[in-house]
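One structure is given below, encoded as structure tokens.
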Amino acid sequence: MISRIWHGWTTPENADKYEALLKEEIFVGIQKRRIRGYGGIQLLRRTVGAEVEFVTIMKFDSLAAVREFAGEDYEACVVPAKARTLLSCFDERSQHYEVRAEREGKG
């Protein structure tokens, strides 16, 4: 399992718009691509000083699946033009980690 991690930042005024764009358009578009080996996406959000940081964590079965999503230069960010207008800055490159262990906790 591969986790693809990416960060983007926006203003508080654009944060809700950006989150809605992710949930209603971008994530739906990724799902519709039916990428073999794509295992889903998580969205994290936090306020940091005067900006709002977003983190996406995508799960893939392999680097081949990541390449199907992002292209041959699989570390390059995939940020649609509409999203770029709402972001103040973002990672140009995504980080990829091999998931070595995962456990669920029960309270």
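Data overview
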item: In the stretch 4-55, the residues that are among the basic types (Lys, Arg) and either without any contact (Cβ under 8 Å) to a residue 24 or more places away in the chain or surrounded by fewer than 17 Cβ atoms within 10 Å (Cβ to Cβ) (or both); result: Lys17, Lys23, Lys32, Arg33, Arg34, Arg36, Arg45, Arg46
item: Strands (runs of 3 or more DSSP E) completely within the stretch 11-107 that count 3 or more residues being under 21 Å from Met1 (Cβ atoms), hydrophobic (A, V, I, L, M, F, W, C) and in contact with a Lys or Arg (Cβ under 8 Å, 6 or more places away or on another chain); result: 51-60
item: Residue identified as out of contact with any helix residue (DSSP H, G or I) (no Cβ under 8 Å at 6 or more places or on another chain), at pLDDT 95 or above, within 18 Å of Asp91 (Cα to Cα) and of a type in the set (Lys, Arg) among Arg34, Arg67, Arg4; result: Arg67
item: The one condition in (1) touching a helix residue (DSSP H, G or I) at 6+ places or on another chain (Cβ under 8 Å); (2) in contact (Cβ under 8 Å) with a residue 40 or more places away in the chain; (3) of a type outside the set (Ser, Thr, Tyr); (4) more than 18 Å from Val28 (Cβ to Cβ) that Asp91 fails to fulfil; result: (1)
item: Positions within the stretch 58-68 being in contact (Cβ under 8 Å) with a residue 40 or more places away in the chain and crowded, with 16+ Cβ neighbours inside 10 Å, in sequence order; result: Met58, Lys59, Phe60, Ala65, Val66
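The values are calculated or read from the model by the stated rules, or taken from the named source; none is laboratory data. Nothing here was measured: the structure is a model prediction, and the numbers come from that model. Here Cβ is always computed from backbone atoms with ideal geometry, including for glycine, and neighbour counts include all displayed protein chains.
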